[in-house]
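What follows draws every value from the coordinates through simple rules; no lab data is involved. The structure displayed is predicted, hence computed values, not measured ones. Please note: Cβ atoms are built from the backbone with ideal geometry, for glycine as well, and neighbour counts cover all protein chains shown.
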Amino acid sequence: MTASKTALQKLLGRSRFVRGYGFKLLSISNADCTIAMPFRRALERPGGTVNGPAFMAAADCAMWLAIKRHIGLEHDAVTSELNTAFLNAARRETVYCTARVLKLGKRIIYGTAECHDRRGKIFTHHTVTYARI
């Protein structure tokens, strides 16, 4: 059974491990999931750019929600691998992250995520592997 956008928004709101990032679920479908990470000074590194771990957290969270959409709230999976390519800097702006599940296996789930600005300029590209538990 798939999880609805409303159910996923509630899950995001009560999940303490992502609360500090201020993520907002913008859209979810069977094809992809997009979240927003509003700029916060706590995410800024020297030079005024968004720090790398924040991009990785956004990619991981967007993928987690995309997976929950497919497997339902009653089942879970955890990150087993996350690879990140940093392509451009985000400077004091909201970062959007879109995740896509490419393979939904019985044990392993594989996908990609891209963090970008509202016009589509890509900041980071991620490949993500989750293991079902």
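Odds and ends about this structure:
- Helix 5-14 vs. the chain, principal-axis angle (Cα, 0 to 90°, nearest 10): 60 degrees
- For the chain, the Cβ-based charge dipole about the Cα centre amounts to some 300 debye (Lys, Arg positive; Asp, Glu negative; other atoms uncharged).
- Pairwise label distance in nanometres, ARG14 with ALA85, each label 7 Å out on the Cα-Cβ vector: 3.9 nm
- Backbone N within segment 110-133 under 13 Å of label point (7 Å from LEU102 Cα along the Cβ vector): 110-114, 125-130
- Taking the convex hull of Cα positions in the chain, its mean projected area over all directions (nm²): 7.4 nm²
- Evaluated with a Cβ-only charge set (Lys, Arg +1; Asp, Glu -1), segment 58-124 carries a dipole of roughly 220 debye about its Cα centre, given to the nearest 20.
- The chain: Lys pairs at Cα distance under 23 angstrom, eight or more positions apart or on different chains: 9
- Highest-first arrangement of 119-127, 53-61, 12-20, 27-35, where packing means the average Cβ count within 10 Å: 53-61, 27-35, 119-127, 12-20
- Farthest towards the positive end of the charge dipole of segment 1-86, among the residues LEU65, LEU82, SER15, is the Cα of SER15, using unit charges on the Cβ of Lys, Arg, Asp and Glu.
- Relative to the dominant Cα principal axis of the chain, helix 52-71 is inclined by about 20°.
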